[in-house]
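K.L.:
Could you have a look at this structure, given as structure tokens, before my questions?
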Amino acid sequence: MRFMQSIAVSAIFGLAASAISAAEVVVYSARNEQLIKPLFDAYTKETGVAVKFITDKEGALLQRLKAEGANTPADMLITVDAGNLWEAAREGLLKPVQSKTLSANVPASLRDPGNQWFGLSVRARTIYFNSQKVKPADLSTYEALGDAKWKGRLCLRTSKKVYNQSLVAMLMAEHGEAKAEQIVKSWVGNLATDPFPDDTKMLEAIAAGQCDVGIANTYYYGRLMEKKPNLPLATFWPNQQGSGVHVNVSGAGVVKYAKHEKEALALLEWLSSDKAQNLFADVNMEYPVNPGVKSDPVVAAWGSFKQNPLNVSKAGELQADAVKLMDRAGYK
Ligand code: FE
């Protein structure tokens, strides 16, 4: 892995050094190669612009962009979760761009109000339940998972994961800190077992009857059900009478010190377009961000739902406070 990466990196530096080459754009991506390569291949085929990329964990890519500063070969950063995108912007790693195409293709709540990053696919963090033990009518809201009837029946993923930090940040934005802390405490009091290291293990625990309900990202459910379609697991869309389902994005921004800024913006616009949105979203069982593009039929079959309209950048703004709140609430 590391060996492969160093080859990729030296290839990038080699290209940067050879300069004045044909049009190209260099991407740092926290999204896996298998998710982005088909897109970039399609883009190159359509435009003739070469896309060089490396993939790594989101934290490592941010560190790297910081360390490289003005010398970075990167033109675009792709990463998951508004919390990470917000952090990249706060660190001064991205540059604001003005684009009518992006404003039209990406709903305002799913992009940075300062235009430094743009959501490209949507994942919902919703409620899953054991369909042999729970009826949809038993469920209503995220908040109600703290009700006494769920004592010893709730499973959660660790609070260390950015997805839960963003979820709690959005609860804080909606309810204020004191009420949000009460809600998280009530969840902790209902846990059937220690928090899980990932969404998939948590979903499997629900299916196995270790607990009855939990919260996970939609695409983990999709992947698991693709492998094990008979699991007694079902989706519930909470807060439909109120604030809506918590959504987050994977997205991208143009790097502050991009050497190919125009090319990076053109690629970003293309990624938000009708042509690319299904390629971007469907391969990871996510929802297209562009409201004019239909979801993959497998994803659409989970049903339609009202999304929380709060700007996802709130998840970034309140993330540090959310981490402290979860710690006080005893959410491990
Ligand atoms: Fe994930």
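The values are calculated or read from the model by the stated rules, or taken from the named source; none is laboratory data. Predicted, not measured: the structure shown is a model, and the values here were computed from it. FYI the Cβ positions are ideal-geometry reconstructions off the backbone, even for glycines, and counts take in every protein chain you see. Protein only, heavy atoms only, side chains kept; ligands, DNA and RNA dropped before computing areas. Shrake-Rupley method; radii C 1.70, N 1.55, O 1.52, S 1.80 Å.
K.L.:
Being within 21 Å of the chain's Cα centre (by Cα) and open to solvent by 20 Å² or more (accessible area, probe 1.4 Å) is the filter here; which residues of the range 241-264 pass it?
P.N.:
Within the range 241-264, 243 is the sole residue that qualifies.
K.L.:
Taking strands (runs of 3 or more DSSP E) that do not extend beyond the range 179-296, which have at least 1 residues that are within 16 Å of the ligand (Cβ to nearest atom)?
P.N.:
By residue number, 213-217, 246-255.
K.L.:
Please go through the range 162-178 and give me each residue that is within 16 Å of the ligand (Cβ to nearest atom) and open to solvent by less than 10 Å² (accessible area, probe 1.4 Å), ordered by number.
P.N.:
Residues satisfying the conditions are 164, 166, 167.
K.L.:
Would you mention how many residues in the range 139-177 are farther than 19 Å from residue 243 by Cα and either of a type outside the set (A, V, I, L, M, F, W, C) or modelled with pLDDT of 95 or more (or both)?
P.N.:
Of the residues in that region, 14 qualify.
K.L.:
Would you check if residue 21 is of a type in the set (Ser, Thr, Tyr) and at pLDDT below 95?
P.N.:
yes
K.L.:
For a quick check of your reading of the model, give me the residue pairs whose first member lies in the range 253-277 and is closer than 25 Å to residue 66 by Cα, whose second is of a type in the set (Lys, Arg) and surrounded by fewer than 18 Cβ atoms within 10 Å (Cβ to Cβ), with beta-carbon atoms closer than 9 Å and at least 6 apart or on different chains.
P.N.:
253/95; 254/95; 255/95; 256/95; 257/95; 258/95; 261/95
K.L.:
Follow-up question, since we're still on this one. Please count how many residues of the range 36-93 are more than 23 Å from residue 112 (Cβ to Cβ) and within 16 Å of the ligand (Cβ to nearest atom).
P.N.:
Selection size over the range 36-93: 0.
K.L.:
Now for a different question. Name the one entry in 103, 99, 109 that is surrounded by 13 or more Cβ atoms within 10 Å (Cβ to Cβ), modelled with pLDDT of 95 or more and under 26 Å from residue 168 (Cβ atoms).
P.N.:
Only one candidate passes the filter, namely 109.
K.L.:
Does residue 180 qualify as being assigned by TED's automatic domain parsing to the domain that holds residue 151 and at pLDDT 95 or above?
P.N.:
The answer is yes for residue 180.
K.L.:
Could you list, in sequence order, the residues of the range 96-136 that are away from the ligand (no atom under 16 Å from the Cβ), among the charged types (D, E, K, R) and either in a strand (DSSP E or B) or without any contact (Cβ under 8 Å) to a residue 24 or more places away in the chain (or both)?
P.N.:
Those that are away from the ligand (no atom under 16 Å from the Cβ), among the charged types (D, E, K, R) and either in a strand (DSSP E or B) or without any contact (Cβ under 8 Å) to a residue 24 or more places away in the chain (or both): 100, 111, 135.
K.L.:
Now for a separate question. Check off (1) open to solvent by less than 50 Å² (accessible area, probe 1.4 Å); (2) of a type outside the set (D, E, K, R); (3) not assigned by TED's automatic domain parsing to the domain that holds residue 142 for residue 298 and give me the number that stays unchecked.
P.N.:
(1)
K.L.:
For the range 287-319, how many residues meet the condition of being in contact with a Lys or Arg (Cβ under 9 Å, 6 or more places away or on another chain) and closer than 14 Å to residue 122 by Cβ?
P.N.:
6
K.L.:
For the range 223-230, indicate whether the set of residues that are touching a residue at least 60 places away in the same chain (Cβ under 8 Å) and under 17 Å from the mean Cα position of the chain (by Cα) is non-empty.
P.N.:
So far as the range 223-230 goes, yes, one or more of its residues are touching a residue at least 60 places away in the same chain (Cβ under 8 Å) and under 17 Å from the mean Cα position of the chain (by Cα).
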